Amino acid sequence: MCGIVTYLGKQQALPLLLEGLKRLEYRGYDSAGIAVMDGQPVRLMKSVGKISELEARIDPVKFNGTAGIAHTRWATHGKPNEANAHPHFSCDRKLFLVHNGIIENYLPLRRELEAAGHKFVSETDTEVLVHLVEANKKSGLDLTAAVQHALRRVVGTFGIAVLDQDEPGVIVVAKRGSPLIIGIGNDEILAASDVSAFVRLTKQVVYLNDNDVATLRRGDYSIVSIEGPAEVEREVETVDISAEALEKRGFKHFMLKEIHQQPDTVVNAVRGRLLPEEGVSRLGGIEPVLERLKSARRLSIVSCGTSFYAGQYGRYVFEALTNLETDVALASEFRYRSVRFDEKSVVLALSQSGETADTLAAIREAKRKGALVLGIVNVVGSSIAREAGAGVFMHAGPEIGVASTKCFTSQSIIMVLMALLLGRYQNLTFNEGLRILRAIEEMPKHIQDMLDRQEQMLEIARKYHKAKNFLFIGRKYNYPIALEGALKLKEISYVHAEGYAAGEMKHGPIALIDESFPTMAVVPQDETYDKMISNIQEIKARNGKVIAVASEGDREIRKVVDDVFYIPRTLDLITPLLAVIPLQLFAYYTADLHGREIDKPRNLAKSVTVE
Ligand code: AGP
Ligand code: GLU
């Protein structure tokens, strides 16, 4: 998500900064900006939309300078518009700053700075940083010290770069929680969020650690900690992979990278939204409509594809945690239903892209009929995000692989938070709420544990990938997971797969079963376990092969099925969000064994903007 590139050296900065930003495009963004200088007043240009639009607005003749900073923004605070795009600048327009991350305590800092006379021109959290640095410089500190002191006051994450017209031979960068890497060239020095931005110029890099503040000069640099003046040493490393491979962080495909991002994206989905001391969640994006939500009677979840299966999971969650009558509908079918809405009706749209035409049409219909429309969306500034009355962003960062993985878990966990928030005004006790929050806090560790065992799923895929058909089965919360697992497999490996409620096997599908038609069974040790075992026995009795996704410590299952992938134990409600990980891996490895174009499967688009 978002990106930073800086350059200081003997060449013109502009073309190198633009090239670097283009290398970071895969990270996704909604606006971009650039500032260059060579002593005279700093040249600044910002633009909403693509880097090519920013480039088209720049006259290279006037935009000269051998020092510069550039940024692609993934908006978190403030709409994607020119005023909110970075670089942000100080009141005296001598300091220019770009930032990746979230400043959680920006509001009190902004109020303090405004009281001291600073004028703000954006809605972003970032802008407080450049005014903090300006105030420190005016108190006599040099740029490095001014940045150190400013960052000591910050709660949140940042990767920043600062340009100072009064210190033309220097660029100061710093990081905490957002990546920033220095590239050391011959008499030139760069910094970026990702090595791919400058690897064409140099492979000598220094990976900054959290709380490092680096002062870059032509041809050399120094690093101190935010906390104090003492210099710190960081190893200079040589990167040895192509820029393209770098963008995937060494993963073979974006999809595998995004599967592996899930410990972090779950953290990002819930960051600042868990209140264990009250056993409840906090969702700023729906606070304006909370009173109406609390009095609502009916909830309709509308979405497509993977988001529809997340919605089916969400229905069980809202029914379990709230008094809401909940239904879930395919957005493409929603318009054909004569649904009656009133002020007690809520429609929740789930969408990674925020541009899915069917879902957009569904919420427009719901709004027309008076329902309160909420969105859980990943892309800030997207149509659904803008047209929903309120909502919650996933903060999963751009999902490049066409097959949705990290956004399935992000949107699902946000529905748990939404249901918890509502339920704690209804019948949910403090302890019930706390148990859910604790289970959510353990998710990243549990997901990482399964990712560390991904080879087990590769072995299973090797054993079964030649099958022409697959059945996926599950019950209750895990029925939607069976549906999602089947979709993952078919959309990237082109192997036919069907997800089914396990209880439905005897009503037809079991006629399909023989030794060439394997079944993936999601069978954690919960209240549905015994019935799942019966379904599995029915399959085995017809020579069907069964792979089980089962609870750690379940030794019985091994006697019943052919292969097992164990998942950590947690609340029944949260188990499906762990069970989906091995299914994502199974689909990925099966597709890879078939040599499929995994990130861009045939016939599919990442955002389906047609009906
Ligand atoms: C899922 O892997 C597919 N890419 C597709 O089903 C997708 O979930 C669906 O098109 C909905 O997209 P959205 O979440 O962006 O609305
Ligand atoms: N939080 C900052 C903003 O919304 C930075 C977002 C980013 O990382 O691009 O502008």
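The values are calculated or read from the model by the stated rules, or taken from the named source; none is laboratory data. Owing to the predicted nature of the structure, the values given are computational and were not obtained by experimental measurement. When we count neighbours, we look across all protein chains shown, and the Cβ atoms used for this are built from the backbone with ideal geometry, even at glycine.
Taking residue 139 as the residue in question, decide whether it is at pLDDT 95 or above, within 23 Å of residue 228 (Cα to Cα) and not β-branched (Val, Ile, Thr).
yes
Does region 328-335 include one or more residues that are in a loop (DSSP other than H, G, I, E, B), at pLDDT below 90 and more than 24 Å from the chain's Cα centre (by Cα)?
Yes: one or more hits.
Can you tell me which residue within region 29-80, out of those that are away from ligand 2 (no atom under 14 Å from the Cβ) and of a type in the set (S, T, N, Q), is nearest to residue 8 (Cα to Cα)?
Once the filter is applied, the top-ranked residue is 66.
For region 574-597, how many residues are of a type in the set (A, V, I, L, M, F, W, C) and surrounded by fewer than 22 Cβ atoms within 10 Å (Cβ to Cβ)?
Result for region 574-597: 1.
Looking at 290, 321, 299, can you tell me which residue is over 19 Å from residue 373 (Cα atoms) and among the hydrophobic types (A, V, I, L, M, F, W, C)?
321
Output the residues belonging to region 147-169 that are touching a residue at least 60 places away in the same chain (Cβ under 8 Å) and β-branched (Val, Ile, Thr).
If the condition is that a residue be touching a residue at least 60 places away in the same chain (Cβ under 8 Å) and β-branched (Val, Ile, Thr), then 147, 160, 162 are the ones that fit.
Could you run through region 284-327 and say how many residues are touching a Gly at 6+ places or on another chain (Cβ under 6 Å), under 25 Å from residue 485 (Cβ atoms) and assigned to a helix (DSSP H, G or I)?
1
Does region 21-42 contain at least one residue that is within 16 Å of ligand 1 (Cβ to nearest atom), assigned to a loop (DSSP other than H, G, I, E, B) and either assigned by TED's automatic domain parsing to the domain that holds residue 161 or among the hydroxyl-bearing types (Ser, Thr, Tyr) (or both)?
Checked against the condition, which is being within 16 Å of ligand 1 (Cβ to nearest atom), assigned to a loop (DSSP other than H, G, I, E, B) and either assigned by TED's automatic domain parsing to the domain that holds residue 161 or among the hydroxyl-bearing types (Ser, Thr, Tyr) (or both), region 21-42 yields at least one hit.
Where in region 388-468 are there helices (runs of 4 or more DSSP H), lying fully within it, with 3 or more residues that are within 16 Å of ligand 1 (Cβ to nearest atom) and either in the same structural domain as residue 368 (by TED's automatic domain parsing) or in contact with a Lys or Arg (Cβ under 8 Å, 6 or more places away or on another chain) (or both)?
On the way: elements: 406-423, 430-451, 454-464.
Because the criterion is at least 3 residues that are within 16 Å of ligand 1 (Cβ to nearest atom) and either in the same structural domain as residue 368 (by TED's automatic domain parsing) or in contact with a Lys or Arg (Cβ under 8 Å, 6 or more places away or on another chain) (or both), the helices (runs of 4 or more DSSP H) in region 388-468 that meet it are 406-423.
Taking the stated definitions as given, is residue 202 closer than 18 Å to residue 96 by Cα and either in contact (Cβ under 8 Å) with a residue 24 or more places away in the chain or assigned by TED's automatic domain parsing to the domain that holds residue 234 (or both)?
no
Say we look at region 147-184 and pick out the residues that are assigned to a strand (DSSP E or B) and among the basic types (Lys, Arg); which of these is surrounded by the most Cβ atoms within 10 Å (Cβ to Cβ)?
175
So how many residues does region 475-506 have that are among the aromatic types (Phe, Trp, Tyr), over 14 Å from residue 520 (Cβ atoms) and crowded, with 24+ Cβ neighbours inside 10 Å?
Selection size over region 475-506: 1.
Name the pairs whose Cβ atoms lie under 7 Å apart, with the first residue in region 425-449 and of a type in the set (Phe, Trp, Tyr), the second not in a helix (DSSP H, G or I), and 6 or more positions between them or separate chains?
Matching pairs, first to second residue: 430/279.
Take the residues of region 55-67 that are at negative phi and in contact (Cβ under 8 Å) with a residue 24 or more places away in the chain: which is surrounded by the fewest Cβ atoms within 10 Å (Cβ to Cβ)?
For region 55-67, the residue satisfying everything is 60.
Looking at 366, 362 in this structure, which one is in a helix (DSSP H, G or I), in contact (Cβ under 8 Å) with a residue 24 or more places away in the chain and either away from ligand 1 (no atom under 12 Å from the Cβ) or touching a Cys at 6+ places or on another chain (Cβ under 6 Å) (or both)?
One residue alone meets the criteria, 366.
Is one or more of the residues making up region 85-100 basic (Lys, Arg) and in a helix (DSSP H, G or I)?
No, region 85-100 has no match at all.
Which condition does residue 341 not pass, out of (1) buried (at least 18 other Cβ atoms within 10 Å of the Cβ); (2) under 19 Å from the mean Cα position of the chain (by Cα), if it passes all the others?
Just one mismatch for residue 341, condition (2).
Out of curiosity, is residue 83 within 16 Å of ligand 2 (Cβ to nearest atom), surrounded by fewer than 17 Cβ atoms within 10 Å (Cβ to Cβ), under 30 Å from residue 104 (Cα atoms) and touching a residue at least 40 places away in the same chain (Cβ under 8 Å)?
yes
Conditions: (1) in contact with a Leu (Cβ under 8 Å, 6 or more places away or on another chain); (2) β-branched (Val, Ile, Thr); (3) surrounded by 24 or more Cβ atoms within 10 Å (Cβ to Cβ). Residue 405 meets all but one. Number of the miss?
Here residue 405 meets the rest and fails (1).
Looking at 344, 248 in this structure, which one is more than 30 Å from residue 600 (Cβ to Cβ) and away from ligand 1 (no atom under 14 Å from the Cβ)?
Numbers: 248 fails: more than 30 Å from residue 600 (Cβ to Cβ).
When all the criteria are applied, what remains is 344.
Residues to consider are 413, 447, 481, 473; find the one that is within 24 Å of the chain's Cα centre (by Cα) and more than 17 Å from residue 585 (Cβ to Cβ).
After applying the criteria, what remains is 413.
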